[in-house]
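Notes follow once the structure below has been shown.
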Amino acid sequence: MEIKIAKFFGNARGALSFTFDDGCYKESTLKTIEIFKMVEAKTGVKIKATSAQTVGFLHEGLIDMWKIAIEEGYYDICSHSVDHCIGYNDETPEEKRLYDAEASRDKLSEIYGVTPICFAIPGGGESEGACQLLSRHYYANRVGEGPINDPDNLNFMRLTSFIGRLSYENVEPCVKFIDEIIACEGYGIQINHWLTDKEQDVHHAQRTHVFEDECLYAGKLASEGKLWIASLNDAVKYFYERNNAKITTQGDEITIKCDLDASIFNHPLTLVITADAEKSVKINGAPYELKVGENVITIEMR
């Protein structure tokens, strides 16, 4: 009997996170939720994205909308600074960087009752010093454009991203990105801001119909077990747990332990167990009937 923790939840071949920056585009956010619901109706896959929130951009109406979106499971949040200070690097005074890291985390925690575990640097320009400072307050940090992340060798403070752009007239660049994720068994993060079909800043917006087609494509692959569509937070939790979990076996008892803070790192893990005979085992006390061949089992991390 061989036991390992799957690279991705559900034993998928790749993982994708949608992130939306700033937290202040209400109509666009509501449209994304409509798209997520449509994808769920057509594929059975529920998409949860991550809103990277700039504290200074929030107001009561936006906060009420976000609380509903979070409660319904279509979004979670991460920090995107206090006032969207561009260029989070060594040229930014350390007291400003420290304030942004601490105050944005604390304010978002006060608003939503959940402490953010991830940061998303506004405007890129990250330095090693800035990333080290952020690592004192967050478990992961999303940076600017770059290659697809290798889940076996993750630099959690430099998780690179693909940017959705208004300049994409069709879904092909997004499909290529998703196909590359699966081909290299990697982890891809997409940066979005708002959805529109108006001619605006090509860097900050994505066409609505392109995002809809992309979500449908991703949802189909997820329904086939090829892609895990995860929020940034859920992906980070899974990868941390996977890296830190230890498997011990004694007879037919299998124990999975993870020494991380259980109040934060509580995402289910996927076990892949290859059995050469049918047998009954217990995993963390719960009984499972194994069949000959590969058995994919989800266990709760509590």
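The values are calculated or read from the model by the stated rules, or taken from the named source; none is laboratory data. As the structure is a computational prediction, the values presented were derived from the model and not from experiment. Note: ideal-geometry Cβ built from the backbone for every residue, glycine included; neighbour counts use all protein chains shown.
Of all residues in segment 40-99, those being of a type outside the set (A, V, I, L, M, F, W, C), farther than 11 Å from G23 by Cβ and either modelled with pLDDT of 95 or more or not in a loop (DSSP other than H, G, I, E, B) (or both) number 20.
Whether a residue is in contact with a Cys (Cβ under 9 Å, 6 or more places away or on another chain) and either over 21 Å from A69 (Cβ atoms) or of a type outside the set (D, E) (or both) was assessed, and R97 passes this test.
Tell me, which residue of segment 238-273 that is closer than 15 Å to T298 by Cα and of a type in the set (D, E, K, R) is farthest from the chain's Cα centre (by Cα)? Only one residue fits best here, namely K257.
List the strands (runs of 3 or more DSSP E) inside segment 216-260, counting only whole elements, that have at least 2 residues being at pLDDT below 95 and either hydroxyl-bearing (S, T, Y) or within 22 Å of N284 (Cβ to Cβ) (or both).
Where strands (runs of 3 or more DSSP E) fall fully within segment 216-260 and carry at least 2 residues being at pLDDT below 95 and either hydroxyl-bearing (S, T, Y) or within 22 Å of N284 (Cβ to Cβ) (or both), they are 246-250, 253-257.
When residues in segment 265-285 are screened for being within 20 Å of W228 (Cα to Cα), in contact (Cβ under 8 Å) with a residue 40 or more places away in the chain and not polar (S, T, N, Q), 6 of them pass. In segment 110-143, of all residues being free of Cβ contacts under 8 Å to residues at least 40 places away in the same chain and in a strand (DSSP E or B), the one that is surrounded by the most Cβ atoms within 10 Å (Cβ to Cβ) corresponds to N141. Taking the criterion of being over 13 Å from the mean Cα position of the chain (by Cα) and polar (S, T, N, Q), the residues of segment 142-158 that qualify are N153, N155.
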